[in-house]
Amino acid sequence: MGDIALPSPLVLLGFMGSGKSTVGRELAHRLGWHFCDLDKRIEAAAGTTVAAIFSQRGEAVFRELEHRELLGALGAARQRRTVLALGGGTFAQERNHEPIRAAGGVTVFLEVPVEELLLRCAGMANRPLFRDEASFRALHEFRLGYYRQAAITAAAGGGATPGEVSERVLEQVRRLRPRP
Ligand code: S3P
């Protein structure tokens, strides 16, 4: 299989609701790679939910845990090829960029129009940073500058299935490292 030569880890980033976990799981399945969801890793380490960490200990504590678990996930990814789904804010923390680069990670931005993100996230009670539409839009706008630094951007809106988005990602990843 040619995909054995693909660079690992594939690091999925993008705003909340962009499908990082769903597409990440699908990609890992297609590649036969390990899948790691950073939020789940944080929850396992903290023994509680992301929402509870935010409400009981605050965002600054969450960002510390997130950074630590990112380092752990990247370390584990050296042992086995991995698709790693970040949280929506992980790549907006500049200190997280260098460890991802050093681990040889290929960053993949899942791009979904903000109107669609709003629809997807409305009614999701478990997202601490979804307060109201105006702050959602402002945060999205601010973070786009970070997300656009990703090596790869894949269109992930407009009704594309996780399988279709995965194909778009893989097409571009294969082009990064043309096989002889
Ligand atoms: C966050 C997004 C969440 C989670 C936490 C903070 C953010 O992940 O990490 O609530 O800062 O946008 P998802 O993008 O998976 O919702």
* Asked: How many residues are farther than 15 Å from Lys20 by Cα and within 11 Å of the ligand (Cβ to nearest atom) if we restrict to the range 115-135?
  -> 5
* Residue ranges of helices (runs of 4 or more DSSP H) in the range 7-114 with at least 2 members within 13 Å of the ligand (Cβ to nearest atom) -> 20-31, 38-46, 50-57, 59-76
* When the range 53-66 is examined, which residues are found to be at pLDDT 95 or above and loosely packed, with under 15 Cβ neighbours inside 10 Å? -> Gln56, Arg57, Gly58, Glu59, Ala60, Val61, Glu64
* Asked: Just a yes or no: is a residue in the range 136-151 in contact (Cβ under 8 Å) with a residue 60 or more places away in the chain and more than 13 Å from the ligand (Cβ to nearest atom)?
  -> yes
* To do: Mind listing just one residue for me: the one in the range 130-163 that is surrounded by fewer than 17 Cβ atoms within 10 Å (Cβ to Cβ) and among the aliphatic types (A, V, I, L, M) and, of those, modelled with the lowest pLDDT?
  => Ala134
* To do: Working carefully through the options Val173, Val165, find the one that is touching a helix residue (DSSP H, G or I) at 6+ places or on another chain (Cβ under 7 Å), β-branched (Val, Ile, Thr) and in contact (Cβ under 8 Å) with a residue 60 or more places away in the chain.
  => Val165
* Is it true that Ile4 is among the hydrophobic types (A, V, I, L, M, F, W, C) and either touching a Cys at 6+ places or on another chain (Cβ under 8 Å) or at pLDDT 95 or above (or both)? -> no
* What number goes with the only condition from (1) out of contact with any strand residue (DSSP E or B) (no Cβ under 9 Å at 6 or more places or on another chain); (2) surrounded by fewer than 20 Cβ atoms within 10 Å (Cβ to Cβ); (3) modelled with pLDDT under 95 that Gln93 does not pass? -> (3)
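The values are calculated or read from the model by the stated rules, or taken from the named source; none is laboratory data. In this text, all values refer to a predicted model and were calculated from it rather than measured experimentally. Virtual Cβ from ideal backbone geometry, glycine too; neighbours counted across all protein chains shown.
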